[in-house]
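Trainee: Just dropping this structure here.
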Amino acid sequence: MDRWKGRVALVTGASVGIGAAIAKSLVQHGMKVVGCARNVKQIEDLAAECVNSGFSGTLFPYKCDVSVEEEVLSMFSWIKVQHQGIDVCVNNAGLALPEPLLSGKTSGWRTMMDVNVIGLSLCTREAYQSMKERKVNDGHIININSVCGHRVINNADAHFYTASKYAVTALTEGLRQELREAKTHIRVTGISPGLVETEFAYRLFSETPEKAVATYKSIKCLQAADITNAVGYVLSAPPHVQIGDIEITPVEQLM
Ligand SMILES: NC(=O)c1ccc[n+]([C@@H]2O[C@H](COP(=O)([O-])OP(=O)(O)OC[C@H]3O[C@@H](n4cnc5c(N)ncnc54)[C@H](OP(=O)(O)O)[C@@H]3O)[C@@H](O)[C@H]2O)c1
């Protein structure tokens, strides 16, 4: 991780869960990390925690809804002014809403596409342009995908979310091809977790929190730190090594 010391990472969805854990770990490794989400107060608290822990990097909280293009563009302009640009982009912000294909609300489907697919693509495009204009040839884009990006589980609450994560699989591979075509050594990696104990299921089942409790009690789940370890592995890989996708599941998970 030494070569990343002092360089700039963007982590989307850094207020809680996997994104907060990744942001903290990159700060611990000496990076300047812009952590964005809508609830910026939680990122401010995390930034104070990083200072108190004596980490060598710094966490810069930024309020941004990644589904709103103007907010994403403003964030990248701010990053350019404050930090010149970014070297690592972790597209982590994402959500599932329980909107089945036969009865779900269109607004819920749109929200999932806007955050999980369009938001990720906006940040990816702007991150690439930021790297290109500064001639950064060793940048890295990490997409936090899901096992749902590779398999359709028989759960109506997850089907539209699954479609959005299948899109992330296609976007990750498509991006790799465009980067190769552009003759850059900027790399892209997907990380596809199974069940991780975060706020994710509580948000998915906000109307029926007992379902979230049952989900996390059903097996020994992954913790956010398990995903952070994978990010460290990806960013530590030698420059000629392309890591396509890492699937990480709890041992007890069936799918
Ligand atoms: N937990 C799992 O079991 C699991 C499994 C596989 C994949 N994943 C994926 O892992 C990623 C992180 O999930 P998590 O488990 O950490 O969930 P989480 O605890 O619910 O955290 C989600 C994060 O995304 C942010 N976010 C949501 N909508 C946003 C928006 N419009 N703009 C900016 N940030 C937004 C949230 O921040 P604000 O609400 O403050 O904006 C929060 O920081 C997601 O892409 C998810 O699909 C999770």
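The values are calculated or read from the model by the stated rules, or taken from the named source; none is laboratory data. If you're wondering where the values come from, they're calculated on a predicted model, not measured in any experiment. Note that we place each Cβ from the backbone using ideal geometry, even for glycine, and neighbour counts take in every protein chain shown.
Trainee: List pairs: first in the stretch 1-15 and within 18 Å of Leu95 (Cα to Cα), second assigned to a loop (DSSP other than H, G, I, E, B), Cβ under 7 Å, 6+ apart or cross-chain?
Mentor: Here the result reads Val11/Asn92; Thr12/Val66; Thr12/Asn92; Thr12/Ala93; Gly13/Asn92; Gly13/Ala93; Gly13/Gly94; Ser15/Asn39, each pair linking the stretch 1-15 to a residue that is assigned to a loop (DSSP other than H, G, I, E, B).
Trainee: Scan the stretch 8-33 for residues that are part of a loop (DSSP other than H, G, I, E, B), of a type in the set (Gly, Ala, Ser) and either closer than 15 Å to Ile227 by Cα or within 14 Å of the ligand (Cβ to nearest atom) (or both) and jot them down. Give the derivation first.
Mentor: Step one: filter the stretch 8-33 for residues part of a loop (DSSP other than H, G, I, E, B), giving 13-16, 29-31.
Next cut, of a type in the set (Gly, Ala, Ser) only: 13-15, 30.
Passing the criteria: Gly13, Ala14, Ser15.
Trainee: Only one of these is under 19 Å from Met113 (Cα atoms) and of a type in the set (D, E, K, R): Lys165, Lys220. Name it. Full working, then the answer.
Mentor: Details: Lys220 fails: under 19 Å from Met113 (Cα atoms).
Of the residues listed, the single one that is under 19 Å from Met113 (Cα atoms) and of a type in the set (D, E, K, R) is Lys165.
Trainee: Under the condition of being more than 15 Å from Asp45 (Cα to Cα) and in contact with an Asp or Glu (Cβ under 6 Å, 6 or more places away or on another chain), which residue from the stretch 1-32 is surrounded by the most Cβ atoms within 10 Å (Cβ to Cβ)?
Mentor: Val8
Trainee: To continue, here is another question. I'd like to verify a number: residues in the stretch 42-73 that are under 19 Å from the mean Cα position of the chain (by Cα) and either of a type in the set (Lys, Arg) or more than 13 Å from the ligand (Cβ to nearest atom) (or both), how many?
Mentor: Step one: of the stretch 42-73, the residues under 19 Å from the mean Cα position of the chain (by Cα) are 42-44, 46-47, 58-69, 71-73.
Still in the list and also either of a type in the set (Lys, Arg) or more than 13 Å from the ligand (Cβ to nearest atom) (or both): 47, 58-60, 63, 73.
So the count comes out to 6.
Trainee: Only one of Glu199, Glu181 is over 19 Å from Val147 (Cα atoms) and at pLDDT 95 or above. Can you tell me which? Walk me through how you get there before you give the answer.
Mentor: On the way: Glu199 fails: over 19 Å from Val147 (Cα atoms).
Testing whether each residue is over 19 Å from Val147 (Cα atoms) and at pLDDT 95 or above leaves just Glu181.
Trainee: What are the residues in the stretch 168-212 that are among the basic types (Lys, Arg) and at negative phi, if any? Lay out the reasoning, then the answer.
Mentor: Within the stretch 168-212, the first condition is being among the basic types (Lys, Arg), and the residues that meet it are 176, 180, 183, 187, 203, 211.
Arg176, Arg180, Arg187, Arg203, Lys211 - these are the residues of the stretch 168-212 that are among the basic types (Lys, Arg) and at negative phi.
Trainee: Also, I was wondering about something else. With Leu175, Leu254, Leu235 as the choices, which residue is more than 13 Å from the ligand (Cβ to nearest atom) and at pLDDT below 95?
Mentor: One residue alone meets the criteria, Leu254.
Trainee: Taking the stretch 77-115, which residues are touching a helix residue (DSSP H, G or I) at 6+ places or on another chain (Cβ under 9 Å), within 14 Å of the ligand (Cβ to nearest atom) and assigned to a helix (DSSP H, G or I)?
Mentor: Gly108, Met112, Met113, Val115
Trainee: State all residues of the stretch 142-161 that are in a loop (DSSP other than H, G, I, E, B) and near the ligand (Cβ under 9 Å from one of its atoms); if no residue qualifies, say none. Break it down into steps so the answer makes sense when it comes.
Mentor: From the stretch 142-161, those in a loop (DSSP other than H, G, I, E, B) are 145-146, 150-155; that's our starting set.
Selection gives Asn145, Ser146.
Trainee: I'm trying to understand the selection: among the residues of the stretch 227-255, which are more than 22 Å from Leu10 (Cβ to Cβ) and of a type outside the set (Val, Ile, Thr)?
Mentor: Pro238, His240, Glu247, Pro250, Glu252, Gln253, Leu254, Met255
Trainee: Criterion first (of a type in the set (Val, Ile, Thr), within 14 Å of the ligand (Cβ to nearest atom), part of a helix (DSSP H, G or I) and more than 24 Å from Ser121 (Cα to Cα)) does Thr215 satisfy it?
Mentor: On the way: of a type in the set (Val, Ile, Thr): yes; within 14 Å of the ligand (Cβ to nearest atom): yes; part of a helix (DSSP H, G or I): yes; more than 24 Å from Ser121 (Cα to Cα): yes.
Yes; evaluated as a whole, the condition is true for this residue.
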